[in-house]
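Novice: Pasting a structure below so you can have a look.
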Amino acid sequence: MTEELRGTARKMVERGKGLLAADESTGSAGKRLAAVGVASTLETRRQYRDLFLSARGVDAYLSGVILFDETMRQRADDGTPFPERLARQGILPGIKVDQGRVPLPDHPGETATQGLGGLEQRLAEYRALGARFCKWRAAFPIAEHLPSPEAIFANTEALAQYAQICHAQGLVPIVEPEVLMDGDHDLATAERVTGLVLRALFDALDGYGVDLSAVILKTSMAVSGSLDARPAGPEEVGEATARLLRDHVPPDTAGVVFLSGGEPPVRETEFLNAVARRGPFPWPVTFSFARALQGPTLEIWRGRAENVEAARAVFLRRLELDALASLGLYEGE
Ligand code: 13P
């Protein structure tokens with residue numbers, strides 16, 4: 001393991017900063033745009049990315065941004081390629097490298113994340129384009145008898161292989177086993193299932209000899225299902241998530257970042273704060289949100305140039321609050 005990779009991993013979880021996930025596939029980006037009345041084209045998707053990536057002052061709160069292939073090759077309004085624009089501000093450019101999910105054969109409702117074929121070559125190109133880290137996401141629904149042992153095995157095995165390939169190509173892997181919050185399961189179930197998945201993931205990483213000092217875990221918090229009749233509040237979520245991580249994340253892991261999973265932005269900030277207040281942990285913890293950071297900004301922007309500054313102000317404020325929450329210092333809006 002090179003010192004450069006360890007240094008990149010440390011910088012990704014620098015104290016008081018976090019990661020912006022801006023790596024929606026073309027399909028997901030289209031959904032985000034449609035929700036605010038904007039048609040999805042190559043140019044509107046570029047404007048959508050520029051809204052966030054060219055906002056002044058984000059370097060105070062962002063250590064890195066996860067990009068999608070299309071954005072990696074596009075330019076900001078000022079003509080600078082997006083990865084270069086980020087790097088100039090000291091923000092690490094990263095790239096989503098999985099190629100989405102396909103149904104897992106004989107396992108209705110479950111998926112396997114694909115993208116290992118040709119991964120070495122793609123990573124070499126991304127590194128040349130400026131990427132310093134990667135992301136691969138697997139997703140696990142909770143339901144009766146789900147996730148199955150086969151889904152956990154297939155997906156954690158692929159995550160470990162991906163991580164090994166990233167290291168060989170000089171990139172830091174973010175391993176993201178998302179346990180979905182859809183459903184009526186309670187907090188204890190979410191904690192138990194996420195624990196099973198994390199145990200399998202770290203076993204697989206160990207099996208492939210992956211050096212955790214240059215690996216970032218991106219995980220769900222332990223949260224109640226979206227249809228749970230008694231959704232847990234920040235204190236319960238903070239307690240369960242802190243326990244979950246302490247029980248399952250090896251101390252030599254470089255850092256832990258959270259996805260937002262569809263929770264409302266303010267709620268997510270409260271949850272992050274509640275987890276951080278239960279530190280210190282053996283690894284830094286911070287955010288790597290997509291929807292919880294982007295949602296309020298997109299609502300104001302709605303594709304109009306005259307709204308860009310007001311929308312960016314809201315983005316900056318959300319970032320500031322999430323950065324405070326990552327330190328356990330958030331005191332409300
Ligand atoms: P959300 O924060 O919207 O859950 O997305 C994070 C992410 O990167 C999912 O892969």
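The values are calculated or read from the model by the stated rules, or taken from the named source; none is laboratory data. None of the values given here were measured: they were computed from a predicted structure. Counting neighbours? That spans all protein chains shown, and the Cβs are built from the backbone with ideal geometry, glycine included. All accessible areas refer to the heavy atoms of the entire protein, side chains included, with ligands and DNA or RNA removed. Shrake-Rupley method; radii C 1.70, N 1.55, O 1.52, S 1.80 Å.
Novice: Answer yes if at least one residue in the stretch 63-71 is open to solvent by less than 50 Å² (accessible area, probe 1.4 Å), closer than 21 Å to Gly262 by Cβ and not aliphatic (A, V, I, L, M), and no otherwise.
Specialist: Taking every residue of the stretch 63-71 in turn, at least one turns out to be open to solvent by less than 50 Å² (accessible area, probe 1.4 Å), closer than 21 Å to Gly262 by Cβ and not aliphatic (A, V, I, L, M).
Novice: While we're on this one: Looking at this structure, is Ala128 in contact (Cβ under 8 Å) with a residue 40 or more places away in the chain and either on the phi > 0 side of the Ramachandran plot or aliphatic (A, V, I, L, M) (or both)?
Specialist: On the way: in contact (Cβ under 8 Å) with a residue 40 or more places away in the chain: no; either on the phi > 0 side of the Ramachandran plot or aliphatic (A, V, I, L, M) (or both): yes.
When the stated conditions are applied, Ala128 does not pass them.
Novice: If you scan the stretch 5-27, which residues turn out to be surrounded by 14 or more Cβ atoms within 10 Å (Cβ to Cβ), within 16 Å of the ligand (Cβ to nearest atom) and not charged (D, E, K, R)?
Specialist: Met12, Val13, Gly18, Leu19, Leu20, Ala21, Ala22, Ser25
Condition check ((1) open to solvent by 30 Å² or more (accessible area, probe 1.4 Å); (2) basic (Lys, Arg)) across all residues:
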residue: Val257; (1), (2): no, no
residue: Gly261; (1), (2): no, no
residue: Pro264; (1), (2): yes, no
residue: Phe271; (1), (2): no, no
residue: Ala274; (1), (2): no, no
residue: Arg277; (1), (2): yes, yes
residue: Trp283; (1), (2): no, no
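Novice: Here is a follow-up. Just name the residue that is farthest from Lys11 (Cα to Cα) out of those in the stretch 150-173 that are among the β-branched types (Val, Ile, Thr) and not in a strand (DSSP E or B). Break it down into steps so the answer makes sense when it comes.
Specialist: We begin by selecting, within the stretch 150-173, every residue among the β-branched types (Val, Ile, Thr); these are 152, 156, 165, 172.
When the remaining residues are screened for being not in a strand (DSSP E or B), the result is 152, 156, 165.
Working: Ile152: 30, Thr156: 25, Ile165: 21 Å.
Only one residue tops the list, namely Ile152.
Novice: Do any residues in the stretch 197-219 that are open to solvent by less than 10 Å² (accessible area, probe 1.4 Å) have Cβ atoms under 9 Å from those of residues that are modelled with pLDDT under 95, where the two are at least six apart or on different chains, and which pairs are they?
Specialist: Every condition considered, the pairs that remain are Ala214/Met1; Ala214/Thr2.
Novice: From the residues in the stretch 77-101 that are over 20 Å from Leu19 (Cβ atoms) and open to solvent by 50 Å² or more (accessible area, probe 1.4 Å), which one is farthest from the ligand (Cβ to nearest atom)?
Specialist: Taking the stretch 77-101 first, the residues over 20 Å from Leu19 (Cβ atoms) are 77-80, 99-101.
Remaining after also requiring open to solvent by 50 Å² or more (accessible area, probe 1.4 Å): 77-78, 99, 101.
Numbers: Asp77: 24, Asp78: 26, Gln99: 13, Arg101: 11 Å.
This residue is Asp78.
Listed here are the residues, each with its yes/no results for (1) within 16 Å of the ligand (Cβ to nearest atom); (2) closer than 28 Å to Phe133 by Cα; (3) of a type outside the set (A, V, I, L, M); (4) touching a Phe, Trp or Tyr at 6+ places or on another chain (Cβ under 9 Å).
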{"position": "Asp203", "(1), (2), (3), (4)": "no, yes, yes, no"}
{"position": "Ser213", "(1), (2), (3), (4)": "no, yes, yes, no"}
{"position": "Arg243", "(1), (2), (3), (4)": "no, yes, yes, no"}
{"position": "Pro250", "(1), (2), (3), (4)": "no, yes, yes, yes"}
{"position": "Thr253", "(1), (2), (3), (4)": "no, yes, yes, yes"}
{"position": "Val256", "(1), (2), (3), (4)": "yes, yes, no, yes"}
{"position": "Leu259", "(1), (2), (3), (4)": "yes, yes, no, yes"}
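Novice: Which of the strands (runs of 3 or more DSSP E) found entirely inside the stretch 77-123 contain at least 1 residues meeting this: more than 22 Å from Val172 (Cα to Cα)? Explain how you work it out, then say what you get.
Specialist: Working: elements: 92-96, 101-103, 111-113.
Hits in the stretch 77-123: 101-103, 111-113.
Novice: Do we have any residue at all in the stretch 174-189 that's assigned to a helix (DSSP H, G or I) and open to solvent by 30 Å² or more (accessible area, probe 1.4 Å)?
Specialist: Yes, some residue in the stretch 174-189 is assigned to a helix (DSSP H, G or I) and open to solvent by 30 Å² or more (accessible area, probe 1.4 Å).
Novice: When you check Glu239 against the structure, is it away from the ligand (no atom under 14 Å from the Cβ), closer than 30 Å to Val36 by Cβ and of a type outside the set (A, V, I, L, M), yes or no?
Specialist: no
Novice: Condition test on Ala55, is it open to solvent by less than 10 Å² (accessible area, probe 1.4 Å), more than 30 Å from Gly279 (Cα to Cα) and in contact with a helix residue (DSSP H, G or I) (Cβ under 6 Å, 6 or more places away or on another chain)? Before the answer, list the steps.
Specialist: On the way: open to solvent by less than 10 Å² (accessible area, probe 1.4 Å): yes; more than 30 Å from Gly279 (Cα to Cα): yes; in contact with a helix residue (DSSP H, G or I) (Cβ under 6 Å, 6 or more places away or on another chain): yes.
Against the criterion (open to solvent by less than 10 Å² (accessible area, probe 1.4 Å), more than 30 Å from Gly279 (Cα to Cα) and in contact with a helix residue (DSSP H, G or I) (Cβ under 6 Å, 6 or more places away or on another chain)), Ala55 qualifies.
Novice: Could I ask something else about it? Please go through (1) charged (D, E, K, R); (2) more than 28 Å from Asn273 (Cα to Cα); (3) open to solvent by less than 30 Å² (accessible area, probe 1.4 Å) for Lys135 and return the number of the only condition it doesn't satisfy.
Specialist: Lys135 satisfies all of (1) charged (D, E, K, R); (2) more than 28 Å from Asn273 (Cα to Cα); (3) open to solvent by less than 30 Å² (accessible area, probe 1.4 Å) except (2).
Novice: A further question on this structure: Restricting attention to the stretch 262-316, and to residues there that are among the charged types (D, E, K, R) and not in a loop (DSSP other than H, G, I, E, B), which single residue is farthest from the ligand (Cβ to nearest atom)? Even if it seems obvious, please write down each step before you answer.
Specialist: Applying the first criterion (among the charged types (D, E, K, R)) to the stretch 262-316 yields 263, 267-268, 270, 277-278, 291, 299, 302, 304, 306, 309, 312.
Filter once more, keeping what is not in a loop (DSSP other than H, G, I, E, B): 267-268, 270, 291, 299, 306, 309, 312.
Working: Arg267: 12, Glu268: 8, Glu270: 15, Arg291: 3, Glu299: 15, Glu306: 27, Glu309: 24, Arg312: 19 Å.
Looking at the filtered set, the residue picked out is Glu306.
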